[in-house]
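The structure under discussion appears below in the form of structure tokens.
The values are calculated or read from the model by the stated rules, or taken from the named source; none is laboratory data. Quick caveat, the model's predicted, so the values are computed rather than measured. Here Cβ is always computed from backbone atoms with ideal geometry, including for glycine, and neighbour counts include all displayed protein chains.
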Amino acid sequence: MKIVADDKIPYIRGVFEPYADITYLPGKAITAKEVKEADALLVRTRTRCDAALLAGSSVRMVATATIGTDHIDLPWCAAHGIKVVSAPGCNAGGVLQWVAAALARTVGEASPAGLTLGIVGIGHVGSLVEQYASAWGFRVLRSDPPRETAEKLGPADGYVPLDELAAHSDIVTFHVPLHAEGPHPTVHLAGERFFSALKPGATLFNSSRGGVVDEEQLKRAMASDRCACRIDTWENEPAIDRRLLDAALSATPHIAGYSEQGKANASAAVVAAAAKHFGLPPEGWYPTGVTQVGRRPISWAEMRATITDYFDIDGQSRTLKAAPEQFETLREEYIFRQEYF
Ligand SMILES: NC(=O)C1=CN([C@@H]2O[C@H](COP(=O)(O)OP(=O)(O)OC[C@H]3O[C@@H](n4cnc5c(N)ncnc54)[C@H](O)[C@@H]3O)[C@@H](O)[C@H]2O)C=CC1
Ligand SMILES: O=C(O)C(=O)[C@H](O)COP(=O)(O)O
């Protein structure tokens with residue numbers, strides 16, 4: 001059995017070695033030639049898994065150590081009998097920490113009470129953000145048309161159309177997958193219509209995917225002082241837009257989910273997926289030495305007073321702004337932070 005794995009998936013070295021021939025490569029170096037005779041791929045967002053990579057290969061399973069799957073051509077894999085497994089919710093706690101830091105910087109000395117937070121996408125991340133933001137005193141508006149339809153949710157549950165959320169929110173945070181298909185596509189979900197509806201002076205957070213926000217429209221809205229932004233995920237990473245970078249209140253290199261616990265969960269998920277699929281022993285494996293966090297309530301005051309000790313969003317923003325050409329290196333050399341709530 002042959003596995004090709006991204007060499008930046010942490011903790012997994014040694015786990016499959018007793019059972020499989022495993023090769024570790026940088027995500028971008030996982031090419032058609034390298035995977036031709038592989039049975040399984042363990043990837044991250046940096047390997048595009050589509051016909052160009054997989055056609056004619058012996059790959060039967062792709063496991064991604066990420067929540068997002070937009071780097072994988074899911075229909076093509078399904079049509080060609082390739083099982084795809086992701087790591088749902090693995091690093092939601094890390095993204096919560098990024099949002100908390102961004103909220104702390106945006107709200108400052110003011111009180112969350114009286115401010116409205118619009119959350120777009122109420123899945124693993126969005127619902128966690130909602131839980132903490134509501135407890136901190138924000139009024140929360142939600143938009144998630146797929147859930148609203150499936151679960152018959154509406155204004156009585158705090159679910160509103162995106163335009164309405166935009167018009168009434170002081171801060172809007174996006175937590176949707178990037179997809180172009182189906183009745184509720186998210187490519188440029190924050191586009192011209194969204195920015196026309198947006199409450200003047202609002203701040204937009206994007207820690208979902210570049211492409212969910214139309215950066216040209218965002219820059220236009222910022223140029224006329226209609227909004228501000230804090231951005232973790234960018235169109236065209238790693239070649240990010242320098243004007244947007246300069247204008248953003250916070251700019252981080254797609255590291256919102258980079259907590260030690262999130263990375264460990266992601267690694268455990270891909271190991272479990274491959275072990276299960278191929279009937280190998282390490283199915284219940286989890287990295288040793290990773291501190292477990294029990295999710296706990298934290299007051300707004302405690303969070304504001306402590307968040308910088310764990311995640312210095314301003315410091316990391318200064319680093320990226322000073323050296324945007326290092327975008328990918330900053331990600332690769334990131335010291336995974338600790339979740340503490
Ligand atoms: N910056 C980072 O480091 C990270 C980014 N992410 C991104 O965050 C995204 C969300 O993560 P999860 O909450 O775990 O995903 P999830 O799949 O649990 O939830 C996504 C939610 O978005 C909703 N949705 C889909 N289309 C929508 C639309 N047009 N409008 C409003 N809502 C819509 C879905 O119904 C679902 O409830 C991931 O797909 C990934 O792209 C995830 C982890 C880390
Ligand atoms: O989980 C996701 O989805 C993310 O965006 C990840 O945090 C990005 O992880 P890497 O691909 O950089 O491992």
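Here is a yes/no grid of residues against (1) within 16 Å of ligand 1 (Cβ to nearest atom); (2) closer than 28 Å to Arg331 by Cα; (3) modelled with pLDDT of 95 or more:
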{"position": "Val187", "(1), (2), (3)": "yes, yes, yes"}
{"position": "Ala202", "(1), (2), (3)": "no, no, yes"}
{"position": "Asn206", "(1), (2), (3)": "yes, yes, yes"}
{"position": "Gly211", "(1), (2), (3)": "yes, yes, yes"}
{"position": "Glu216", "(1), (2), (3)": "no, yes, yes"}
{"position": "Lys219", "(1), (2), (3)": "no, yes, yes"}
{"position": "Ser224", "(1), (2), (3)": "no, no, yes"}
{"position": "Asn236", "(1), (2), (3)": "yes, yes, yes"}
{"position": "Ala247", "(1), (2), (3)": "no, yes, yes"}
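Restricting to region 106-134, name every residue that is of a type in the set (A, V, I, L, M) and surrounded by 14 or more Cβ atoms within 10 Å (Cβ to Cβ).
Pass one, region 106-134, residues of a type in the set (A, V, I, L, M): 107, 110, 113, 115, 117, 119-120, 122, 125, 128-129, 133.
If the condition is that a residue be of a type in the set (A, V, I, L, M) and surrounded by 14 or more Cβ atoms within 10 Å (Cβ to Cβ), then Val107, Leu115, Leu117, Ile119, Val120, Ile122, Val125, Leu128, Val129, Ala133 are the ones that fit.
Output yes when any residue across region 55-69 is buried (at least 17 other Cβ atoms within 10 Å of the Cβ), without any contact (Cβ under 8 Å) to a residue 40 or more places away in the chain and within 11 Å of ligand 1 (Cβ to nearest atom), and no when none is.
Taking every residue of region 55-69 in turn, none turns out to be buried (at least 17 other Cβ atoms within 10 Å of the Cβ), without any contact (Cβ under 8 Å) to a residue 40 or more places away in the chain and within 11 Å of ligand 1 (Cβ to nearest atom).
All but one of (1) touching a residue at least 24 places away in the same chain (Cβ under 8 Å); (2) out of contact with any strand residue (DSSP E or B) (no Cβ under 9 Å at 6 or more places or on another chain); (3) among the small types (Gly, Ala, Ser); (4) not assigned by TED's automatic domain parsing to the domain that holds Lys8 hold for Ala264, so report the exception by its number.
Just one mismatch for Ala264, condition (4).
Got at least one residue in region 136-153 being within 19 Å of the chain's Cα centre (by Cα), at pLDDT 95 or above and closer than 16 Å to Phe341 by Cα?
No, region 136-153 contains no residue that is within 19 Å of the chain's Cα centre (by Cα), at pLDDT 95 or above and closer than 16 Å to Phe341 by Cα.
For region 322-341, does any single residue satisfy the condition of being under 21 Å from the mean Cα position of the chain (by Cα), in a loop (DSSP other than H, G, I, E, B) and farther than 30 Å from Gly14 by Cβ?
There is at least one residue in region 322-341 that is under 21 Å from the mean Cα position of the chain (by Cα), in a loop (DSSP other than H, G, I, E, B) and farther than 30 Å from Gly14 by Cβ.
Taking region 84-130, which residues are part of a strand (DSSP E or B) and within 16 Å of His175 (Cα to Cα)?
Leu117, Gly118, Ile119, Val120 - these are the residues of region 84-130 that are part of a strand (DSSP E or B) and within 16 Å of His175 (Cα to Cα).
I'm told Ile82 meets every condition in (1) assigned by TED's automatic domain parsing to the domain that holds Arg209; (2) in contact with a Cys (Cβ under 9 Å, 6 or more places away or on another chain) except one. Can you identify the failing condition by its number?
Here Ile82 meets the rest and fails (1).
Out of the helices (runs of 4 or more DSSP H) lying entirely within region 173-286, which hold 3 or more residues that are touching a helix residue (DSSP H, G or I) at 6+ places or on another chain (Cβ under 8 Å) and either within 16 Å of ligand 2 (Cβ to nearest atom) or within 30 Å of Glu17 (Cβ to Cβ) (or both)?
260-278
Return yes when Ala133 is away from ligand 2 (no atom under 16 Å from the Cβ), free of Cβ contacts under 8 Å to residues at least 40 places away in the same chain, within 23 Å of Ala305 (Cβ to Cβ) and not in a loop (DSSP other than H, G, I, E, B) and no when it is not. If you could, list the steps in order and put the result at the bottom.
Working: away from ligand 2 (no atom under 16 Å from the Cβ): yes; free of Cβ contacts under 8 Å to residues at least 40 places away in the same chain: yes; within 23 Å of Ala305 (Cβ to Cβ): yes; not in a loop (DSSP other than H, G, I, E, B): yes.
Yes.
Of all residues in region 144-172 being of a type in the set (D, E, K, R) and not in a helix (DSSP H, G or I), which is farthest from Pro75 (Cα to Cα)?
Filtering first and then ranking leaves Asp170.
If only one of Arg13, Arg46 is within 25 Å of the chain's Cα centre (by Cα) and surrounded by 16 or more Cβ atoms within 10 Å (Cβ to Cβ), which one is it?
Going through Arg13, Arg46 in turn, the sole match is Arg46.
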